[in-house]
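Any read-out appearing in this document is the output of simple, stated calculations on the displayed coordinates, not a laboratory observation. What you see is a predicted model, and the numbers here were worked out from it, not measured in a lab. Here the Cβ is made from the backbone with ideal geometry for all residues, glycine too, and neighbour counts use every protein chain on show.
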Amino acid sequence: MMKAKKHILRLIGILIAMPLWADAKPGEQEYQAYCLACHGDKGQGGVNFSAPPLAESAWVQGEAERAIKVVLNGLKGNIEVDGHVYTALMMPPQGAVLSDKQIADILSYVRTSWGNKSGKVKPAAVAKVRKEIDGIEPFYEASELLKQHPLPKVETALRGLLVETYLGEWNKLPDFSKLKSEGLEEEHSNIISFRNISHRKNFGLVWTGQFENRKRGGHKFILQADDGAKLIINGKEVAKIDGIGDMKRVARAEHWLKKGLHDIRVEYFQKGGDRGISLYWEGPNNSKGGFLTDKVKDIAPVHEPIVLKPPGSEAFIYRNFIEGVSPRAIAVGYPGGKSIAFSQDDCTMVLMWKSGFIDAGLHWTGRGKGFTKPVGEGLVSLSSGSAFGLDVNFLRMEHDEHRYPTFVYQAGDYTIEDKPLPSENGIKRVLKIHAQKAGKLIYPLNAAALETIAIECEGKAKLKESAIEMTLKSGVNTYTINYIYK
Ligand code: HEC
């Protein structure tokens, strides 16, 4: 029982979100099923930096190949997105479960939502990349992918930006003019950032350059810093945050500027803890401005709980990492409230439960940190280890018109089509096993599961102890296994 419990705990990490799908944009529904859990309902990224944002991420802008490759083949390795470096994370490859059209729809949705303004993606573009990378090992290294597809340059209003580094321990902004800098460097990106700064504590930075102003009039500036920072334009102090503290401290200022180039100077110091600076501007009468800094998000975003409701007549499919178990798993919620989870690594149905509502709020407020509870009853851990105890290889997932999936995989010499369906009182699982010759297969179950469910087999299959024994003839063998709540 202990083992079963642990297994369930590890598995519930995969279960989450199904917001209402009314009036969805193309690709939105798929985004919610395949990306939302990690990247957030508004592409804002995961809680506690568990996944980077897609909203305004340079990774999804410009040429589409970069993002197509990420989705097809997965991603790992340190990655910087929107001013934050994410370490020790992995994104599972989804090329095997998503069609070219699905990927094109999802990326089109992502590239045109939440402030992203890139072009739509055609299924043919996905097909082309899929062909090109056919047969490569899963998981791109972020750094390797960047070499193939450098990020598009972000345009800021800054020109000729230089940065000077100072070392020292301060509790307030020092008078940098009296200090000797460690070095001067050009910021080719024209963005105020820590991209090339390896110091974490006891240092100061001074950025100097020009601010190109296209509209005469009053400009708004919003400065936030951890620890202190000061904005100086044409030699005049415009905004300042001083002393030790976090990014929640905000200095707002209005400053009148005529059209053209203005000298800008931003001073910054950091003692210990998190480092961060954010500087945003807006033109006259709320006309467009933008960030002059990388948007530093060292404050974990707070999310409203998402109340989940399985949709009416179709299954919903949801996938996510299962911490400590498998980076690849798929959860399916069927109309009527029955749900299952299928492991792509073990090629087996690992979990079932009923009245399948899910409390995604746990996930989003960070209380559960990536783990969320299926809300319902009858959570049963069905198996451990691979299907039939054989070497398995997940091939693909197919959908019928209700979006009910069929999982297709190889187990030993057998090709298996595995289709779970909701039944009155549980799950009815139809297995089609393609065999080259006659034989026998044993499908192990968790003994503990049999306390909650009864197994009834149709076809040449029968329950023996806590395993299902199947007799095969050469050709296609069909078995139906009913998992019935007692
Ligand atoms: C299981 C969690 C998970 C799922 C599901 C997931 N991602 Fe990711 N994604 C990540 C993680 C983690 C990274 C960062 C990988 C790294 O550290 O190198 C990432 C990185 C990315 C990146 C590059 C960085 C960025 O933020 O722009 C893109 C683009 C992306 N994912 C798109 C998608 C899309 C589209 C989907 C849905 C088809 C999706 N992801 C599903 C976890 C996930």
Most exposed first by the Cβ proxy, i.e. fewest other Cβ within 10 Å, how do Val126, Val154, Val380 rank? Val154, Val380, Val126
Take the Cα of Glu137, step 7 Å along the line toward its Cβ, and report every residue of region 74-106 whose backbone nitrogen sits under 18 Å from that point. 74-78, 88-94
Using only the Cα atoms of region 192-233, construct the convex hull and provide its projected area averaged over every direction, in square nanometres to one decimal. 4.0
On average, how much area does the Cα convex hull of region 145-186 cover when viewed from any direction, in nm²? 5.4
Considering only DSSP states other than H, G, I, E and B, which GluC sites (Glu not before Pro) in region 407-460 qualify as loop sites with at most 13 other Cβ atoms within 10 Å? Glu424
Taking the Cβ of each residue in Arg403, Arg159, Arg111 as the centre, tally the other Cβ atoms inside 10 Å and list the residues starting with the fewest. Arg159, Arg403, Arg111
Gain in span if fully extended, Asp246 to Ser189, counting 0.36 nm per residue against the direct Cα distance: 18.0 nm
Tally Lys/Arg at +1 and Asp/Glu at -1 over every other residue whose Cβ is under 14 Å from the Cβ of Glu144; what's the total? +1
From the backbone phi of region 450-458, what are the Karplus-calculated ³J(HN,Hα) couplings (6.51 cos²θ - 1.76 cosθ + 1.60, θ = phi - 60°) in whole Hz, Gly and Pro given as x? 6, 6, 9, 10, 9, 10, 10, 10, 10
Lys437 to Glu398: extension gain in nm, 0.36 nm per residue of separation minus the Cα-Cα distance? 11.5 nm
